[in-house]
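Structure, as structure tokens:
The values are calculated or read from the model by the stated rules, or taken from the named source; none is laboratory data. These numbers come from a predicted model, not from an experiment. A quick note on method: Cβ atoms are made from the backbone with ideal geometry, for glycine too, and the neighbour counts reach across all protein chains shown. Accessible surface areas use protein heavy atoms only, side chains included; no ligands, DNA or RNA. Shrake-Rupley method; radii C 1.70, N 1.55, O 1.52, S 1.80 Å.
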Amino acid sequence: MVVAFLGDGRDNVAMSLALGAAKVGIDFRLISPTALWPDQAFVDHAKSEAWKSGGKFALMEHVGSGVLGADFVYTDVWLSMGESESAWAERIGLLSPFRVTAQVIEATENPYAKFMHCLPAFHDTETGVGARIAKEYGIDCMEVTDEVFESHASIVFDQAENRMHTIKALLVATIGG
């Protein structure tokens, strides 16, 4: 199985996925601008875990070769809660080439490739933040286009539902219910 994560390589979701994938033998590709790659200690740890399980871990900055053969294309929000708005222009500039578009999904060359996102996703201008980003930065989406978000490849709502049940199970297990 091949999972390609596009976006901020230091993002908590990217790093958690990378380690989880490494531990269970998945081919994980972190596709990000080099300025947003995780530190070398994390990379060494992820590669070590992948080697032990028969998986792979790769850092890449070329989207096309990174997603080739991917079964899942994953991304996360570019602007985290509480992040200073002064950083928005720089992050949008760095991450725009790593947006998940229909061309990115096609570049997997896998007709069964699925798109994942942990939500919320800024895929259109229908929200206050989306409208503001469009007005200030001249883009109609951030990490994923609406075309992909609403496509047959998108499993974001199934993913969210499964996460909800998993969290409920963890709560029951930890509180002794």
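Kindly check whether there is at least one residue in the stretch 121-132 that is in contact with a strand residue (DSSP E or B) (Cβ under 9 Å, 6 or more places away or on another chain) and aliphatic (A, V, I, L, M).
Yes; the residues of the stretch 121-132 include at least one that is in contact with a strand residue (DSSP E or B) (Cβ under 9 Å, 6 or more places away or on another chain) and aliphatic (A, V, I, L, M).
Looking at the stretch 92-113 only, could you name the residues that are within 12 Å of L6 (Cβ to Cβ), among the aliphatic types (A, V, I, L, M) and in contact with a strand residue (DSSP E or B) (Cβ under 7 Å, 6 or more places away or on another chain)?
Selection gives V100, V104, I105.
Just checking, does the stretch 124-140 include any residue being under 18 Å from E106 (Cβ atoms) and either touching an Asp or Glu at 6+ places or on another chain (Cβ under 7 Å) or polar (S, T, N, Q) (or both)?
Going through the stretch 124-140, the residues under 18 Å from E106 (Cβ atoms) turn out to be none.
No: the stretch 124-140 contains no residue that is under 18 Å from E106 (Cβ atoms) and either touching an Asp or Glu at 6+ places or on another chain (Cβ under 7 Å) or polar (S, T, N, Q) (or both).
Quick one: is A89 over 15 Å from L6 (Cα atoms) and modelled with pLDDT of 90 or more?
yes
Give me the pairs, please: first residue somewhere in the stretch 11-30 and closer than 19 Å to H62 by Cβ, second residue anywhere and modelled with pLDDT of 95 or more and open to solvent by 40 Å² or more (accessible area, probe 1.4 Å), beta-carbon distance under 6 Å, and either six or more positions apart or on two chains.
Cβ pairs passing all conditions: D27/K56; R29/M60; L30/L59.
So that you can scan it fast, the table gives a plain yes or no per residue for (1) on the phi > 0 side of the Ramachandran plot; (2) among the β-branched types (V, I, T):
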residue: E106; (1), (2): no, no
residue: E109; (1), (2): yes, no
residue: K114; (1), (2): no, no
residue: L119; (1), (2): yes, no
residue: T125; (1), (2): no, yes
residue: I133; (1), (2): no, yes
residue: Y137; (1), (2): no, no
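For the stretch 25-34, does any single residue satisfy the condition of being more than 17 Å from N12 (Cβ to Cβ), touching a Ser or Thr at 6+ places or on another chain (Cβ under 6 Å) and not basic (K, R)?
Yes, there is a match, as at least one residue in the stretch 25-34 is more than 17 Å from N12 (Cβ to Cβ), touching a Ser or Thr at 6+ places or on another chain (Cβ under 6 Å) and not basic (K, R).
Which ones in the stretch 120-156 are under 15 Å from L79 (Cα atoms) and basic (K, R)?
The one that is under 15 Å from L79 (Cα atoms) and basic (K, R): R132.
Please verify whether the stretch 156-163 includes one or more residues that are more than 18 Å from P97 (Cβ to Cβ), of a type in the set (F, W, Y) and crowded, with 17+ Cβ neighbours inside 10 Å.
No.
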